[in-house]
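Take a look at the structure below.
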Amino acid sequence: MLITFLAIFTSLFWIHKEGIEDNMLAAIVDKHKLLSETKSPKIILVGGSNLSFGLESAKIEDAFHLPVINSAIHAGIGLKFYFSDIKQYIRQGDIVVIVPEYSQYYSDSFYGSLELVSILFDVYPEGRKLIDKKQWYHLAKLIPTYAATKLSYQSTTKFNTRKVGVYDRKSFNSRGDAYIHWSLPRQQVAVAKKNSPDDKARDESILFLKECLKFIAARNATMIVLPPVYQGSSYENQEKLINQIFAKVQASDLPLAAEPIRYKFPDSLFYNTNYHLTKAGVDLRTSLLIEDIAPYINGKVGTTIAIPYSMK
């Protein structure tokens, strides 16, 4: 046990994960810089890769004449962390658009997965101060696995000798959108399986979003909640759970700006996962998002009250 502990400790704190500085997770540092240097009022997009691989922020910026930062990277970072991480950058007049993947509402991915462990130990160790005891308890189960990957991982390709890949740090543009895949042919996309009867929308995620709303309102900023874009076939397999999730969201009086069905897209618009869009999908999703957040922004920049979708 002592040897195992020492191996994990050494791996976490003394072994550098080769290539991590070029991985997309390292873009969290670049996005912090964007957030800190952009003047308010601004639009901050918060979520996982359904946002990072699913929007063209320049079009949103043109529509509202406000700077836009897509802070999203990967759902594995978890809703609890990816909002806590950007709180310090929210200022008066900002519009914060939160778009969690469906798994954030019913699974432990709310607390983060291996991607978050990687960020905390190899990319942004300052983020560890944002993790509470309950979240550490969840992450502790993942740490040995991550430590093992650091001991075994060896890269054979130097970043500067190959093209930028879709999951590289440099795959994000100046507004934080992943864009390398826009010019690439779509790949085969797996369809999500039907949810287990044990999968149920959890109150914890909803309560966390309500705390986010209180925080944002205290900053004299505006919060908007949207459902993620989702592959049509996966949506149909999980429709019962999706409806349950958003019934809870509506019942909580969170500022929900659209129904989930609006972002159920044809399978042909997805690039390589059931959340990542092709350029045609990005264009459609961007136009819908602009329509949905317009009532909260036009003439209302800096307000803290948004109209729930059910009241429109």
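Every number in this text was worked out from the coordinates using simple rules, so none of it is lab data. Please read these numbers as outputs of a predicted model, since none were measured by experiment. Glycine gets a Cβ as well: all are built from the backbone with ideal geometry, and neighbour counts include every protein chain shown.
Mind ranking 249-257, 223-231, 177-185 by how tightly packed they are, going by the mean number of other C-beta atoms within 10 angstrom, highest first? Mind showing how you got there, number by number?
Details: 249-257: 19.0, 223-231: 25.2, 177-185: 17.1.
In descending order of packing, they fall as 223-231, 249-257, 177-185.
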**Message:** Can you classify the stretch 65-212 as rounded, prolate or oblate using the Cα gyration tensor, where a ≥ b ≥ c are the square roots of its eigenvalues, rounded means a/c under 1.5, and otherwise it's prolate if a/b beats b/c and oblate if not?
**Reply:** rounded
**Asked** With respect to the cross-link table entries Lys214/Lys248; Lys134/Lys193; Lys31/Lys129; Lys150/Lys194, which display a Cα-Cα separation exceeding 25 Å?
**Response** Lys134/Lys193; Lys150/Lys194
**Request:** Lys and Arg at +1, Asp and Glu at -1: add these up for the other residues within a Cβ distance under 12 Å of Leu51 and post the number.
**Result:** 0
**Item:** Bins of 10 Å, starting at 0 and running to the largest distance - Cα pair percent for the chain
**Value:** 6, 27, 36, 24, 7, 1, 0
**Request:** With 5 Å bins from zero, work out the P(r) of the stretch 46-99 over every alpha carbon pair and list the percent per bin.
**Result:** 4, 19, 29, 25, 17, 6, 0
**Request:** Report the dimensions of the stretch 172-312 along its three principal axes from the alpha-carbon atoms, largest first, rounded to Å.
**Result:** 44, 42, 25
**Fill in**
Percent antiparallel among DSSP beta bridges confined to the chain, rounded to 5, stands at 15
**Complete:** Expressed in µm² per second, the diffusion coefficient of the stretch 184-251 from the Stokes-Einstein equation, with Rh the Kirkwood radius over alpha carbon pairs, at 37 °C and 0.692 mPa s, is 229
**Message:** Quick check on the exposure proxy: order Tyr137, Tyr271, Tyr102, Tyr89 from fewest to most C-beta atoms within 10 angstrom.
**Reply:** Tyr137, Tyr89, Tyr271, Tyr102
**Asked** What residues qualify as long-range amide H neighbours of Val96, i.e. H under 5 Å apart, gap of 5 or more or another chain, H built at 1.01 Å from N?
**Response** Ile44, Thr222, Met223, Ile224
